[in-house]
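Visitor: Got a structure here, written out as C-alpha cells. Questions coming.
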Amino acid sequence: MHHRICMVSDFFYPNMGGVEEHIFNLSQCLLLRGFKVIVLTHAYGDRIGIRYMTNGLKVFYLPLYVMYNQCILPTMMCSIPLLRYIFIRERISIVHGHSAFSALAHEAMLVGRLMGLKTVFTDHSLFGFADTSAVITNKLLEMSLSNCNSCICVSHIGKENTVLRARVHHNRVFVIPNAVDTDIFTPDPSARSVDKITVVIVSRLVYRKGVDLMAQIIPDICARYSEVQFLIGGDGPKCWLLQEVRERCGLQDRVTLLGSLEHSQVRSVLNKGHIFLNTSLTEAYCMAIVEAASCGLQVVSTCVGGIPEVLPPDLIYLTEPNVQALLVGLDKAICDYKSGKVVPPFKCHERVKSLYSWMDVTKRTEVVYNSVAKERNKTIGAHLRSYLRSGVWPFLLVVSFCHLVLSFLDWLIPTEKIDIARDMSPSAHINNCFKSEGDCEWSSKKKKS
Amino acid sequence: MKLKKTYVQKPRKWKKNLYENHGFLDNYTDTSFLEELRKNLNVKDSPLPTIILGAGRVTHELCIIVLFTVIFVYLYNGWVEPEAVFMYSGCLTSLGYILYRFFLTAAMPYTTLLKDLRTVLVFLGFGYVLSPVLKTLTDTISTDTIYAMSTFMMFIHLVFFDYGISASIVSSALSLNAALFASVCLASRLATPFHAFVLLTNTVECFALLPILVAEIEDSAVILSTVILLSLVALCTVSVTMTVLFSCVVIFVTIICPLLFKKWTRYKENIYGPWDEAVVEDQEM
C-alpha cells in the first residue's frame, strides 16, 4: 500500500533530542521504502519555509508563533488554512503526530481528522498523575486522542501510561521502540585510556536526568578509586551543580565537563569511555544507553520507566534511583572491568545491532499505517460523539468551529484550485545523489553520515 | 474497528521487554498489563473525630476573630471601660504566659523571663506613645470602607493562618499583618487614643501571642466547645441575627465539612506506577 505520510511535531532539527531523532530516522527509512514523507514543524529563527534534508525529505518550517518551550501557541484555528493547503497540495493520506507536548501535532491531527485523513500519534514521554499540570495535560491528551486512529508508544511502560492517562483502548496502542543507528555508533577500543577507567555521562543536565544523583556519586567514586575519571557531555540549567562539586572536591583533573555536544560528536566521546552512567529519574525509552551499548560500553543505569525493557540483563547494570544503589552498581561495573568479566565491545555492538534497527522500526510502523488506512472515515457527528466521551463539552464547539472553517475554505478555495505538488521518487534522487558525488544540496543539511 | 487478534500463538511466553517478542503483534496486550499499577498509596483514612478536631482549628480561629470583634463593639459603644478590658485581657495573657513557659515548654532560666518582661514593657511603652498616631492613621477613611476593609483583612488572616499543616499557602507573617491592619483600621473609629491602644494590645494578644500558646496545646474537644460557646454567648449580647448566622457557619465548618471530607475520601483515586518520576532524597554533601 502506498501512503503519503505527514510527520508533524514542534520538535525537529535544528532542535536535538529523542523525538527529533525518531522523526528523522523514521522518515528516512520510509523514504527508502518508497513512501512519500513530509515533515511539518514550526519556524526556528530564520529557518522558515520549505527545506530539503537528506534524500529529499521535504520539511515545512511553518511561520507560527512559538509560545513556550518550543511549542506553538495552540489557537486550534489560526493554522487551519495553512495545514489544509499543505495536506491537499501534498495529497497526504496519513497525519502522524509526535510527542504529547507538541501543540502543532495535536492541531494538525485535528485538522487532518476533520479533512478525512487518518491519524497516528506517537507518544514519547511518560507522565505522572499526581500534580495539577499532569491532570490538565492528561485531559488535553485524552481529548486529542479520543479520535486518533492509532497510537504508538516507545515502550511497554509507555503503553500502560498512555492507556491510563488518555483512556485509549489498549488494542489501538502499538509498542514500537526507538532504535539507534548502529552503523554510526561503532566501538573503537583504541580510543580508550589504558591506565584509567573512564566513566562517561552524556545527557542534558536537567533535573529529570538526575543531575543531583550525579553530583553525589562523583565525589564518592573518585575517593574510592584513584584510577577512575569522569567525562561529562551535555549542558543544561543544572550544569552549575556539577561545576560546584568539581570545584569543592578539587577534581578538576578527573572530572571533565565538555559542554553541549553535536550529535556527531557523541560517538567519539562515548568511545573514550569504559563505563556509561545514566541517572535519569524518568525515561520512556532512553536512547543514550542503547547508543552507549552499541559503542561497547558497560552501561550502569537507574531502573526507571522503560529502561528495564530496553537492554538484555547482561549488557546493563540496573540500579534503584538512589545514591547508594548507583554506587553499588558502579562498584560492580568497575570490579567486572578489572577482572575482565565484561562483554567484549564488538560483541556488545553486534548484540545491539541484532536487537534494534530503524528499518525494523519502520516496517513495524508500516503495519500500523496499513491497518489505519483500512479504517472507515467517521462523519462529523461520529467525531463529535467520540470527543464527547472525554467529557469536555466546550471542546465540541472548537471542533465544530474548525469544521465550519474547513467547509468555508472548501468553498473559498476549492480543492481543485490548489496545485498538486509532484511526488518525487526518492530512489531516483538517491541515485542522482550518488552520481554527483555529494554536491547536491540535500546531502549536507544534517550531519548524519 | 477491531484489530485482528490472530497473532501467531507461539509456545514462547510474552516478555515485558522490547527485543524478544518476535511473533507477537505490536498491539498485543499481555495479561500482565498494568499489573504494577498501585492506587492510593498515601491515602490514610482518618477517623471522623480527628477530622472534626482538625476542622476545629479553623473554627477556633474564627471564634477568636468574633471575640475580638465583640470587644471592639463593646469599646465602640462605650459599654465597657477600656481600663477594664485592658486589665482582664492582661490577666488572661499572664495566665497563658505562665501556662506556656512553665507547663508546656521546658522551664526557662530566669534571664528568659527578664527578656520577655522587657519586650512587654517596650511594646506597651511604644504602643501607648504611638496610639494617637495609630488612631488618626485611617481617620479620614469612611466608616463603610473601614468595616469592609477589616472584614476583608480578617478573611485574609483566616486564609493564610498557620493551622499546623505545611502547605505553600501558609504565611504566618501575612496572616498576622492582615489582622494588625484590620485592627488599625478599626482603632480609628474609637473615642480616645487609649481606646485604640487597648484594642491594639488585644490584637497582639489574640493574633500574635495566642496562636503560639494554641500550637502547644493538643486539639481537644473541651477547649474547642468552650471557645465556641464563649463566642456565641458574647456575640448574642451584640446581635441575635449575627449569632444565628455565626452558628450556621460554625456548624458548616466543624460538622458538615468533615462529613463531606470523610464521604469523598472514598472517591480518591491516586495512581502510581513505574512511570512516576523518581524522587531524589537530599544527602549531606
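Visitor: Using the 10 angstrom Cβ neighbour count as an exposure proxy, how do A:366, A:283, A:416, B:35 rank, fewest first?
Guide: By the 10 Å Cβ count, ascending, the order reads A:416, B:35, A:366, A:283.
Visitor: To continue, here is another question. Quick one: angle between helix B:110-137 and the longest Cα principal axis of chain B, in degrees between 0 and 90, rounded to 10, please.
Guide: Approximately 70 degrees, to the nearest 10.
Visitor: Also, quick follow-up: Counting only other residues whose beta carbon sits under 10 Å from that of residue A:281, what net charge do I get with K and R as +1, D and E as -1?
Guide: Around residue A:281, the surrounding residues sum to -2.
Visitor: Between residue B:159 and residue B:46, 0.36 nm times their residue separation minus their Cα-Cα distance comes to what?
Guide: Here the answer is 38.4 nm.
Visitor: Using alpha carbons only, how many degrees (0 to 90, rounded to 10) separate the axis of helix A:18-32 from the longest principal axis of chain A?
Guide: Roughly 60 degrees, rounded to the nearest 10.
Visitor: Gap in Å between the Cα centre of segment A:274-303 and the Cα centre of segment A:151-170?
Guide: First find each Cα centre; the distance between them is then 23 Å.
Visitor: Starting from the alpha-carbon convex hull of chain B, give the projected area averaged over all orientations, in nm².
Guide: 26.7 nm²
Visitor: Helix-only estimate, please: 222 nm mean residue ellipticity of chain A, summing -39500 (n - 2.57) across DSSP H runs of length 4 or more and dividing by its residues, to the nearest 500.
Guide: Only helices count here, giving -13000 deg cm²/dmol.
Visitor: Rounded to the nearest Å, what's the spacing between the alpha carbon centres of segment B:47-69 and segment A:44-64? Just the number, please.
Guide: Each part's Cα centre sits 63 Å from the other's.
Visitor: If you average the sequence gap of Cα pairs under 8 Å that are 6 or more apart and divide by the length of chain A, what percent do you get for the contact order?
Guide: 18 percent
Visitor: In addition: List the residues whose amide H sits under 5 Å from the amide H of residue A:92, counting only those 5 or more places along or on another chain, with H placed 1.01 Å from N in the peptide plane.
Guide: Those qualifying (amide H under 5 Å, at least 5 residues apart or on another chain) number zero.
Visitor: If you don't mind, another one. Rounding to the nearest 20 debye, state how big the charge dipole of chain A is about its Cα centre with +1 on each Lys and Arg Cβ and -1 on each Asp and Glu Cβ.
Guide: I would put it at about 1060 debye.
Visitor: In which sequence would A:358, B:14 go, from the one with the fewest C-beta neighbours within 10 Å to the one with the most?
Guide: Sorted ascending by nearby Cβ count, the order is B:14, A:358.
Visitor: Ok, one more. Evaluated at 20 °C with a viscosity of 1.002 mPa s, what Stokes-Einstein diffusion coefficient in µm²/s does the protein assembly as shown have when Rh comes from the Kirkwood expression over alpha-carbon pairs?
Guide: Answer, rounded: 69 µm²/s.
Visitor: Could I ask something else about it? How high is the relative contact order of chain B, in percent, counting Cα pairs under 8 Å that sit 6 or more residues apart?
Guide: Rounded, it is 32 percent for chain B.
Visitor: Using the 10 angstrom Cβ neighbour count as an exposure proxy, how do B:199, B:37 rank, fewest first?
Guide: B:37, B:199
Visitor: What residue among A:109, A:206, A:178 has its Cα farthest toward the positive end of the dipole of segment A:107-215, where the charges are +1 on Lys, Arg and -1 on Asp, Glu, each on the Cβ?
Guide: Sorting the options by dipole projection puts first A:109.
Visitor: Not counting the cut sites, what is the longest span of chain B without trypsin sites (Lys or Arg not before Pro) that DSSP labels loop and that have at most 15 other Cβ atoms within 10 Å?
Guide: In chain B, the maximal stretch lacking such sites is B:45-267.
Visitor: Separate question: Name the shape class, rounded, prolate or oblate, that the alpha-carbon gyration tensor gives for segment B:109-207, where a ≥ b ≥ c are the square roots of its eigenvalues, rounded holds for a/c under 1.5, and otherwise prolate holds if a/b is larger than b/c and oblate otherwise.
Guide: Here segment B:109-207 falls in the oblate category.
Visitor: To the nearest whole number, what is the average tally of beta carbon atoms from other chains within 10 Å of the beta carbons of peptide B:266-276?
Guide: Mean shielding count: 6.
Visitor: Using only Cα atoms, find the angle between the long axis of helix B:172-187 and the longest principal axis of chain B, and express it within 0 to 90 degrees, rounded to the nearest 10.
Guide: Computed tilt is about 30 degrees.
Visitor: Tell me the mean residue ellipticity at 222 nm calculated for chain B from its helices only (DSSP H runs of n ≥ 4, each -39500 (n - 2.57), averaged over every residue, nearest 500).
Guide: Computed mean residue ellipticity for chain B: -19000 deg cm²/dmol.
Visitor: Most fluctuating residue of B:45, B:26, B:139 in a GNM of chain B with Cα springs under 10 Å: which is it?
Guide: B:26
Visitor: Ok, one more. Just list whichever of A:118/A:363; A:58/A:238; A:238/B:16 have alpha carbons separated by over 27 Å in the model shown.
Guide: A:58/A:238; A:238/B:16
Visitor: If you don't mind, another one. Once you average over the residues of A:330-341, how many Cβ atoms of partner chains fall within 10 Å of each Cβ?
Guide: Per residue, the number of nearby Cβ atoms from other chains is 0 on average.
Visitor: I'd like the distance between the alpha-carbon centres of segment A:379-426 and segment B:79-158, rounded to an integer number of Å.
Guide: Using only Cα atoms to place each centre, the spacing works out to 68 Å.
We did not get these values from a lab; they are worked out from the coordinates using the rules stated. Quick caveat: nothing in here was measured; it's all calculated off a predicted structure. Cβ coordinates were reconstructed from backbone atoms using ideal geometry, including for glycine residues, and neighbour counts include every protein chain displayed.
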